[in-house]
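Undergrad: I'd like to ask some things about the structure below.
The values are calculated or read from the model by the stated rules, or taken from the named source; none is laboratory data. What you see is a predicted model, and the numbers here were worked out from it, not measured in a lab. Here the Cβ positions follow ideal geometry from the backbone for every residue, glycine too, while neighbour counts run over all protein chains shown. The accessibility values were calculated without ligands, DNA or RNA, using every heavy atom of the protein model including side chains. Shrake-Rupley method; radii C 1.70, N 1.55, O 1.52, S 1.80 Å.
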Amino acid sequence: MQLVLQRQPYVRHQTEALPKAQSRVEGLLATVAEGDSVEFWHTSTHSWIPGIVEEIPQHNDLAISQCAPGEVTVACDLGQVKLAATECPALLRKGFRISLIAPGGGADGNGPVYLELAQLPEFQVDVIGRKSTLYDQYPEGWPGGREPPNLASYGREVLDIGIPARTDCWVCGSRGGQVSLPAIWEGLGNNTPPAVVLNGGCAMNLPGSPTRWPREAVTIMLLGGQDWFRGSQSMGEYLGGTVRCVPSDNRTTALLYVPEMKHMPQPEVLKAALGPLILAALQWKHSPNKLPMKELSDAGGALLAIGFPSRLLFTGGPGQWQEMTFGQQPPDLPAKPLSPRNPRPPRAPPAVELGTAPAVFPIEMVMDLTPEKHRELADQALSEATAIASSFGAEPWAGTVRKRLLELAAGQEGDAYACEGDLEGKRIDELKKQQKEQQQQLQLQQQQQQARLSGTFSGQMGRQSSLHAGTPGTIANTAHPTVRVAPSPQGQQIHYRPTVPAAGGVARVVVRPSQHHEAAPTAGAPPYRSAAPVYSGQVPNLGQVGPGGASTGYGQLQGARPTQLSYQHHQLQPQHLQQQQQYSVHPQAAP
């Protein structure tokens, strides 16, 4: 279906309740809006047919509507089908619409997770607005806050253009949960759709007036023990403070605490928990007196299956909190503070005036938006505004539609400018990351150089040992000395053969097992190559390699794969073999 911007919620405010269709969950209904992918029940063939909702008329735009009030037009293989709104619950089926508050919601960092969620038949995901825009800033009364446009005015605009009427469940996070969701609560009260809140921003001691938490709001929070929102609080203090922010008469709130989750949830964490938590919120909204224990437990179980224990707290009744855990809980480790952001260079001012009109696009489209595509959308909005003025200029509604299309065009210019800033920020962050890695590599090289000078060496696991000085030139004068280890209980023996550079320097020993009981290979013989395992045990003494290149030690080797050691002096301590790591030891003048 071709994108028509004059049907954007900002242009044509959703002032009426929308039809409902069957969902994929028995007993629950999903909201139907224009552009939705649906399935139409064909009564003649008794089968579901894929289709697209083309039109749902409203009283304020009937002049350009092709169907009568109360009708829904669906395009499918049968052509156009017109249904009464009251028929939709029986004849249409679709996924729940999830409205993602863009600022703080992680549509960029966790976009693939939301995209995968939207590909499930149970859900569709719309993204409301964009991060980094003029309204993506804290309001007055907050540290660094500003007057509108800000996150609070954005929340109120989401209300004004009718997004709640087309929403089955909110998803928000970070600053969106701190500011925008409370603004929506204030406008809708108990009628607000259920919400899944990442980071639990709505349940914090926030600047400004206290959050007006609706008594009947359904809210499920996903909290992280490694979230910098936690500050310096212990786990008990953090969870206790969160619980105290919930009104004592509310009975539809739960929080799932994941000790190892960060502020930006790890993709695997969000993927495991988000779907079950949304279904829990929808079930709880439908039946407030019935705790959605199955769905809440599904979230905790899915996290545990990927190695993330969690703790669930929920209201069993007004002011009655209960708790259950999933898996053995890890130690309570302090959360790391917010890392300082790399400074951004000053940007050139925009070439055109930037607007703040929030657009609503499916996550599939949002994932592909670039500055160029935002500007293409701005041009399309301008073209549609011109066409409206040309074709319907005399109609009373035409002026309003044209004005809002122009504002939407300015909003897309604002999104393009924000997108450019985000891309430049990512480029700077990647450059800083590369510089940090290069600096760490340089420091490692310097440490290795120091080790050469001191005659010590470090294993990859951080262990340090020293080699005892022997007769100068012992190894360098021996072409291929061999050390033999006695046969293991499994009837195999292991040969060590140091390979020495022609001009001296670092010698390297490769441990490989032999499949038979012959004597150690003589000097100059090729090394063994075998896939047989190296057996575990202790090596009490490996003896030493003498000037003639022949020496024998007895014992067994610990490890499950060939081990490499590098050495320069003639005596090799047994514990070096047991560490099963690669070491580098460089020449040192013998005393």
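Undergrad: Show the residue pairs meeting these rules: Cβ distance below 7 Å; 6+ apart or different chains; first residue within the range 241-258 and in contact (Cβ under 8 Å) with a residue 40 or more places away in the chain and surrounded by fewer than 17 Cβ atoms within 10 Å (Cβ to Cβ); second residue of a type in the set (Phe, Trp, Tyr) and part of a helix (DSSP H, G or I).
TA: Partner pairs satisfying both residue conditions: none exist.
Undergrad: Further question: Taking residue 290, is it out of contact with any helix residue (DSSP H, G or I) (no Cβ under 7 Å at 6 or more places or on another chain) and either in a helix (DSSP H, G or I) or over 23 Å from residue 213 (Cβ atoms) (or both)? Full working, then the answer.
TA: Values: out of contact with any helix residue (DSSP H, G or I) (no Cβ under 7 Å at 6 or more places or on another chain): yes; either in a helix (DSSP H, G or I) or over 23 Å from residue 213 (Cβ atoms) (or both): no.
Here the answer is no, as residue 290 does not meet what is asked.
Undergrad: Name the one entry in 181, 188 that is at pLDDT 95 or above and buried (at least 18 other Cβ atoms within 10 Å of the Cβ).
TA: Working: 188 fails: buried (at least 18 other Cβ atoms within 10 Å of the Cβ).
Of the residues listed, the single one that is at pLDDT 95 or above and buried (at least 18 other Cβ atoms within 10 Å of the Cβ) is 181.
Undergrad: Looking at 311, 344 in this structure, which one is out of contact with any His (no Cβ under 8 Å at 6 or more places or on another chain), of a type in the set (Lys, Arg) and under 23 Å from residue 150 (Cα atoms)?
TA: When all the criteria are applied, what remains is 344.
Undergrad: Still on this structure, please answer the following. Please specify each residue of the range 360-384 satisfying the condition of being of a type outside the set (A, V, I, L, M) and open to solvent by 70 Å² or more (accessible area, probe 1.4 Å).
TA: 364, 368, 372, 373, 375, 376, 379, 383
Undergrad: Here's something else I'd like to know. Restricting the search to the range 136-166, which residues are open to solvent by less than 10 Å² (accessible area, probe 1.4 Å), at negative phi and either not in a helix (DSSP H, G or I) or not β-branched (Val, Ile, Thr) (or both)?
TA: 150, 151, 154, 155, 161
Undergrad: What number of residues within the range 28-59 satisfy the criterion of being hydrophobic (A, V, I, L, M, F, W, C), surrounded by fewer than 21 Cβ atoms within 10 Å (Cβ to Cβ) and in a strand (DSSP E or B)?
TA: Residues meeting the conditions: 5.
Undergrad: Residue by residue through the range 285-302, note down the ones that are crowded, with 22+ Cβ neighbours inside 10 Å and either touching a residue at least 40 places away in the same chain (Cβ under 8 Å) or in contact with a strand residue (DSSP E or B) (Cβ under 7 Å, 6 or more places away or on another chain) (or both).
TA: The answer is 296, 299, 300.
Undergrad: Name the residues in the range 303-323 that are open to solvent by 30 Å² or more (accessible area, probe 1.4 Å) and hydrophobic (A, V, I, L, M, F, W, C), would you?
TA: 304, 305, 306, 321
Undergrad: Tally time: how many residues in the range 70-93 are in contact with a Leu (Cβ under 7 Å, 6 or more places away or on another chain) and of a type in the set (Val, Ile, Thr)?
TA: Matching residues across the range 70-93 total 2.
Undergrad: Taking the condition of being touching a strand residue (DSSP E or B) at 6+ places or on another chain (Cβ under 9 Å) and free of Cβ contacts under 8 Å to residues at least 60 places away in the same chain, how many residues in the range 332-364 meet it?
TA: Here the count works out to 0.
Undergrad: For the range 261-284, enumerate the residues that are out of contact with any helix residue (DSSP H, G or I) (no Cβ under 8 Å at 6 or more places or on another chain) and open to solvent by 10 Å² or more (accessible area, probe 1.4 Å).
TA: 262, 264, 266, 268, 282
Undergrad: When you go through 175, 212 one by one, which is the residue that is in contact with a Pro (Cβ under 8 Å, 6 or more places away or on another chain), surrounded by 18 or more Cβ atoms within 10 Å (Cβ to Cβ) and either charged (D, E, K, R) or at pLDDT below 95 (or both)?
TA: 175
Undergrad: Check off (1) under 13 Å from residue 203 (Cα atoms); (2) part of a helix (DSSP H, G or I) for residue 254 and give me the number that stays unchecked.
TA: The single condition residue 254 does not satisfy is (2).
Undergrad: Got a number for residues in the range 1-41 being of a type in the set (Lys, Arg) and under 15 Å from residue 93 (Cβ atoms)?
TA: Selection size over the range 1-41: 2.
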